[in-house]
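Asks: Next up is a structure, given as structure tokens.
The values are calculated or read from the model by the stated rules, or taken from the named source; none is laboratory data. Here the structure is a predicted model, which is why all the values come from computation and not from measurement. Glycine also receives a Cβ, built like all others from the backbone with ideal geometry; neighbour counts cover every protein chain displayed.
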Amino acid sequence: MRAVGAALRSREAAVALVLVLVVAGTTVLQPGFLLSAGGWRDLLLTPSLVAVLAVGQAIVVVTRNVDLSVGSVLGLCAYLTGTLFAAAPDLPVVLVVAAAVAAGAVLGLVNGVVVAFARVPALVVTLGTLYAYRGLVLTWAGSDRIDASDMPHAFLDLGVRQVLGVPVLAIVAVLVLAVAAHYLHTSRAGRQLYAIGSDPDAAVLYGLPVRRRILTAFVACGALAGLAGVMFAARYGTVSSGAGTGLELTVVGAVVVGGVAIFGGSGTVLGAATGAVLLVTINRALPVVGVPDFWQRAVVGVLIITAIVLDRVLADRRARALARARDVRNPQEVAR
Amino acid sequence: MSTPVLRLEGVRKAFGPVVALRSGTIVVEPGSIHALVGENGAGKSTLVKVVAGVHRRDGGTFELGGVPADFRTTAEAKAAGVAVIYQEPTLFGDLPVMENLFLGSEPLDRLRRIDRRAMRAHAHELFGRLGVDIDPDRPAAGLSIADQQLVEIAKAISLDAGLLIMDEPTAALSGVEVERLFAVARGLRDEGRGVVFISHRFDEVFGLCDTITVMRDGAHVSTDPVAATSVDEVVTRMVGREVTDLFPKVPSTPGDVVLEVRGLERAGTFHGVSFDVRAGEIVGLAGLVGAGRSEIARAVFGVDRYDAGTVRVLGRPLRPGDPAAAVDAGMALVPEDRRLQGLVPQSTVAQNMTAVVRRRISRLGLLSTARENARAAEWTGRLEVRTAALDMLAATMSGGNQQKVVLAKWLATGPRLLIVDEPTRGIDVATKAEVHRLLSGLAAEGLAVLMISSELPEVLGMADRVLVVREGRITAELDRADATPERVMRAATVGAAS
């Protein structure tokens, strides 16, 4: 019983449990949601893209920053992917993927440089680049769009192919998650990201390379948004200038629901990715069970607010428990 | 003679017009525990921060182990073997205690991954050495101040530094913990390292250290072997200056009791605090930084709550924890940090001055700039605030003028009791005298003033009566005639009033 309690207290497990309940409940009402040929595939495939974005976002949010430009970066990199294939259909897929990821990294670098060196709040900087990068795609693409016919079959195949019943894009997302989780948990630099988010002033006093770490976080986030752009092109086959519009808010919501503190310092990429899967799946499940559009959005809003209130309540409760433990350990201080 | 671990000579550091360190000199020999003492504001912390790489010196010699040093970052100082325990712990609350200990130098396994098991073992080992029992896996948030301090000490020891600087490490520790810390310090000394120990507790200084350096007003005063000096001698050197008539105190006859505080108590902060302030009287609240003076003032004003005791204003009990009630009862509080708590820097001078009386000067809930300006003009005249225009932003003014604006803001409420916390911190000498003249004049007009100040000359020059606070208790109450620098400093450090 205590073990169950402990597991439930972990945010990742709690979010995963809600996810299971949502899937189970929807399947009971509409068995096709999970138990059809496409149902299983969509369950894994649709959230993959948002999950990759959420992993990148979590790396930035942990440092007490935020990247609102990810939707625009995704659009730009998706369009770049399509254009490269349209211009040179014989390019190796690996090369195009690398180019899109690199482009995303450069866009992330721009964000990082302004945030880390000009000391402008990330919220403002990335709100600016959200529009600037989108403007870039609009200028570049105009009213043109990349269609499936412009891209090689081998590439589009990645968007639908499955290995042992698991879509390739879902495998990509899981790999990204595993690498990021491992890095954040076991590398010195990864732990320093948490330290910086926990107390930026103390991090400077401690002598941590604060600017370099923040820069790295934004570059990683940009690169992952670039990768998500490639996934978008492969999955949907068409890319217009509006690709990924508004996605940044879903991603930030997913990160918060997944238990990454919006003021930095705590949370995991696993939680963020699970949160992404939950949000996307709820968005798919509600229309299936016949919930009207207004309530679909309201449910997501309630979920985000619940997550934040829950964080607050749990943090307060933990602080009180720690204070009590202290008084028990140092009775003479209480007596004094 | 061996090479000193640390040698500073004539080190200077200024922040804008304020010179924090005029001539910092200290030579720490290997295998020695060196005490650094001085009043608040004597420049000790600035000196430490130069050595730690937080501040860069403006001039003077700085050598570490005989090699010239010039640190631009704390990381450089750390790499050169300087470990510092600051007054305020700087831990990362979200991270586990053990990660706080080893951040940036965590033990790695063969795959260069952080080895948490080894880290935990190291943490246990360090805490064992200090004789404390802190769970390495718990988050640092929620640790008591004493435990945070112990984590800081463990952190410093783990660096294996050649020079360990402790800036008032014992303020929050209990007797047993202090003894253990001293045992560790002696161990480091016997290994041939240098230890610098900053403390206001002379019993500790004389029990632990072998050499003592006294600083005053940002400069070196003396360095002696501890055996060759005495507490009285050191106290005299710390104050060692004549109280000049820089502060034109106008004599006044105290009237009725305005503020009556009885048995005020808050666990862990202050205990059994009782005092009166009369109309026309300036009462100085002296003591060291962290003694609990500001906390007492905040509790009296109702910003913070208290566990027991009563506060009466003009004989009527004041509701605890209600600053609005305090203002209605005729109290005003000019806080310590005017930038943070007293002033809205992005508002104009006029808006700042009229902030508290907004409701009185508004009509039908609307404010008029003309009425704001009229009010403000009256006060800029009375307080001689030097400002080009009333619509200037408060942020662009000098510290002294900012302080006057904050004063004007509260005086506009027509208070009977004014509490000022460090009224002249960071203000140049000329403006300082003006603020003093102002306070003195207000008292002469019948205002009751409670003044918190860490500057001894200010307290002695201004106050009709001095209350000395040490570790949350009032340890002495001295009349103007009896308040000598030595007596106040003694009550603030040793405790028992002589």
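Asks: Would you say A:V174 is more than 14 Å from every other protein chain (Cβ to nearest Cβ), under 29 Å from A:G112 (Cβ atoms) and surrounded by fewer than 22 Cβ atoms within 10 Å (Cβ to Cβ)?
Replies: Numbers: more than 14 Å from every other protein chain (Cβ to nearest Cβ): yes; under 29 Å from A:G112 (Cβ atoms): yes; surrounded by fewer than 22 Cβ atoms within 10 Å (Cβ to Cβ): yes.
The answer is yes for A:V174.
Asks: Sticking with this one: Scan B:R22, B:R7, B:R12, B:R57 and give me the residue that is more than 14 Å from every other protein chain (Cβ to nearest Cβ), over 26 Å from the mean Cα position of the chain (by Cα), of a type in the set (D, E, K, R) and over 30 Å from B:P139 (Cβ atoms).
Replies: Step by step, each of B:R22, B:R7, B:R12, B:R57 is checked, and only B:R7 is more than 14 Å from every other protein chain (Cβ to nearest Cβ), over 26 Å from the mean Cα position of the chain (by Cα), of a type in the set (D, E, K, R) and over 30 Å from B:P139 (Cβ atoms).
Here's the yes/no breakdown for (1) more than 14 Å from chain A (Cβ to nearest Cβ); (2) over 23 Å from B:V67 (Cβ atoms); (3) buried (at least 18 other Cβ atoms within 10 Å of the Cβ):
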| residue | (1), (2), (3) |
| --- | --- |
| B:G162 | yes, no, yes |
| B:E168 | yes, yes, yes |
| B:D190 | yes, yes, no |
| B:R193 | yes, no, yes |
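Asks: Tell me whether the stretch A:283-296 contains one or more residues that are assigned to a helix (DSSP H, G or I) and under 26 Å from A:A102 (Cα atoms).
Replies: Among the residues of the stretch A:283-296, not one is assigned to a helix (DSSP H, G or I) and under 26 Å from A:A102 (Cα atoms), which makes the answer no.
Asks: I've got another one for you. Tell me whether the stretch A:94-103 contains one or more residues that are more than 18 Å from the chain's Cα centre (by Cα) and closer than 20 Å to A:V61 by Cα.
Replies: Within the stretch A:94-103, not a single residue is more than 18 Å from the chain's Cα centre (by Cα) and closer than 20 Å to A:V61 by Cα.
Asks: Taking the condition of being at the interface with another protein chain (Cβ under 9 Å from one of its Cβ atoms), in contact (Cβ under 8 Å) with a residue 24 or more places away in the chain and buried (at least 19 other Cβ atoms within 10 Å of the Cβ), how many residues in the stretch B:91-101 meet it?
Replies: The total comes to 5.
Asks: Scan (1) of a type in the set (G, A, S); (2) within 14 Å of chain B (Cβ to nearest Cβ); (3) at positive phi for the single condition A:S266 breaks and write down its number.
Replies: Tallying (1) of a type in the set (G, A, S); (2) within 14 Å of chain B (Cβ to nearest Cβ); (3) at positive phi, A:S266 fails exactly one: (3).
Asks: Taking the stated definitions as given, is B:S368 in contact with a strand residue (DSSP E or B) (Cβ under 7 Å, 6 or more places away or on another chain) and more than 13 Å from B:M353 (Cα to Cα)?
Replies: When the stated conditions are applied, B:S368 does not pass them.
Asks: Run down B:R216, B:R266 and say which single residue is out of contact with any Cys (no Cβ under 6 Å at 6 or more places or on another chain), of a type in the set (K, R), modelled with pLDDT under 90 and closer than 30 Å to B:V28 by Cα.
Replies: It is B:R216.
Asks: Oh, and also: Would you mind listing the strands (runs of 3 or more DSSP E) fully within the stretch B:226-332 where at least 2 residues are away from every other protein chain (no Cβ under 14 Å) and under 26 Å from B:K44 (Cα atoms)?
Replies: On the way: elements: B:257-266, B:270-278, B:282-287, B:308-313.
Once the strands (runs of 3 or more DSSP E) in the stretch B:226-332 are filtered for at least 2 residues that are away from every other protein chain (no Cβ under 14 Å) and under 26 Å from B:K44 (Cα atoms), what remains is B:282-287.
Asks: For residues that are out of contact with any Asp or Glu (no Cβ under 7 Å at 6 or more places or on another chain) and buried (at least 22 other Cβ atoms within 10 Å of the Cβ), scanning just the stretch B:144-154, find the one that is nearest to the other protein chains (Cβ to nearest Cβ).
Replies: Selected residue: B:D147.
Asks: So, one more: Please specify each residue of the stretch B:60-72 satisfying the condition of being surrounded by 17 or more Cβ atoms within 10 Å (Cβ to Cβ) and within 14 Å of another protein chain (Cβ to nearest Cβ).
Replies: B:F71
Asks: Turning to a different aspect of this structure: Can you tell me how many residues in the stretch B:455-498 are among the hydroxyl-bearing types (S, T, Y) and surrounded by 23 or more Cβ atoms within 10 Å (Cβ to Cβ)?
Replies: 1
Asks: Write out, first by first residue and then by second, each pair whose Cβ atoms fall under 7 Å of each other, whose residues are 6+ apart or on separate chains, and whose first residue, in the stretch B:124-143, is more than 14 Å from chain A (Cβ to nearest Cβ) while the second is in a loop (DSSP other than H, G, I, E, B) and at pLDDT 90 or above.
Replies: Sorted first by the residue in the stretch B:124-143, then by its partner, the pairs are B:H124/B:P136.
Asks: Please work out if B:V84 is at pLDDT below 90, over 22 Å from A:R212 (Cα atoms), surrounded by 20 or more Cβ atoms within 10 Å (Cβ to Cβ) and more than 7 Å from chain A (Cβ to nearest Cβ).
Replies: Working: at pLDDT below 90: yes; over 22 Å from A:R212 (Cα atoms): yes; surrounded by 20 or more Cβ atoms within 10 Å (Cβ to Cβ): yes; more than 7 Å from chain A (Cβ to nearest Cβ): yes.
Criteria met by B:V84.
Asks: Report yes if B:L47 is part of a strand (DSSP E or B), closer than 28 Å to B:R490 by Cα and away from every other protein chain (no Cβ under 12 Å), otherwise no.
Replies: It is false that B:L47 is part of a strand (DSSP E or B), closer than 28 Å to B:R490 by Cα and away from every other protein chain (no Cβ under 12 Å).
Asks: Restricting attention to the stretch B:430-484, which residues are of a type in the set (D, E, K, R) and part of a loop (DSSP other than H, G, I, E, B)? Lay out the reasoning, then the answer.
Replies: Within the stretch B:430-484, the first condition is being of a type in the set (D, E, K, R), and the residues that meet it are B:432, B:434, B:437, B:445, B:455, B:458, B:464-465, B:470-471, B:473, B:477, B:479-480, B:482.
Scanning the stretch B:430-484 gives B:E445, B:E455, B:D464, B:E471, B:R480, B:D482.
Asks: Suppose we filter the stretch B:6-16 for residues that are modelled with pLDDT of 90 or more and either more than 14 Å from B:T61 (Cα to Cα) or among the aliphatic types (A, V, I, L, M) (or both); how many remain?
Replies: Result for the stretch B:6-16: 3.
Asks: Sticking with this structure for a sec: Out of the residues in the stretch A:309-336 that are more than 9 Å from chain B (Cβ to nearest Cβ) and surrounded by 14 or more Cβ atoms within 10 Å (Cβ to Cβ), state the one that is modelled with the highest pLDDT.
Replies: Within the stretch A:309-336, the match that is modelled with the highest pLDDT is A:L310.
Asks: Here's another thing I want to ask about it. In the stretch A:206-237, how many are within 14 Å of chain B (Cβ to nearest Cβ) and either without any contact (Cβ under 8 Å) to a residue 40 or more places away in the chain or of a type in the set (K, R) (or both)?
Replies: 7
Asks: Restricting the stretch B:103-114 to residues that are closer than 22 Å to B:A79 by Cβ and either over 37 Å from the mean Cα position of the chain (by Cα) or more than 9 Å from chain A (Cβ to nearest Cβ) (or both), which is surrounded by the fewest Cβ atoms within 10 Å (Cβ to Cβ)?
Replies: Result: B:R112.
Asks: Could you check, for the stretch A:147-168, whether at least one of its residues is of a type outside the set (G, A, S), out of contact with any Asp or Glu (no Cβ under 9 Å at 6 or more places or on another chain), closer than 20 Å to A:G222 by Cα and away from every other protein chain (no Cβ under 14 Å)?
Replies: No, the stretch A:147-168 has no match at all.
Asks: Moving on. What pairs can you find where one residue is in the stretch A:194-205 and at the interface with chain B (Cβ under 7 Å from one of its Cβ atoms) and farther than 14 Å from A:I59 by Cβ, the other is part of a helix (DSSP H, G or I) and not small (G, A, S), and their Cβ atoms are less than 7 Å apart, with a gap of 6+ or different chains?
Replies: A:L205/B:T74
Asks: Quick check on my filter: what residues within the stretch B:394-422 are basic (K, R) and under 25 Å from B:V289 (Cβ atoms)?
Replies: Hit for the stretch B:394-422 is B:K404, nothing else.
Asks: Would you call A:L279 at pLDDT 90 or above, over 20 Å from B:G93 (Cβ atoms) and surrounded by 12 or more Cβ atoms within 10 Å (Cβ to Cβ)?
Replies: Yes, satisfied.
Asks: Across the stretch B:410-428, what is the total count of residues that are within 20 Å of B:V250 (Cβ to Cβ) and either modelled with pLDDT under 85 or in contact with a Gly (Cβ under 8 Å, 6 or more places away or on another chain) (or both)?
Replies: 6
Asks: Going through the stretch A:135-192 one residue at a time, which ones are among the small types (G, A, S), out of contact with any Lys or Arg (no Cβ under 6 Å at 6 or more places or on another chain) and in a helix (DSSP H, G or I)?
Replies: Answer for the stretch A:135-192, where residues must be among the small types (G, A, S), out of contact with any Lys or Arg (no Cβ under 6 Å at 6 or more places or on another chain) and in a helix (DSSP H, G or I): A:G135, A:A141, A:A148, A:S149, A:A154, A:A170, A:A173, A:A178, A:A180, A:A181, A:A189, A:G190.
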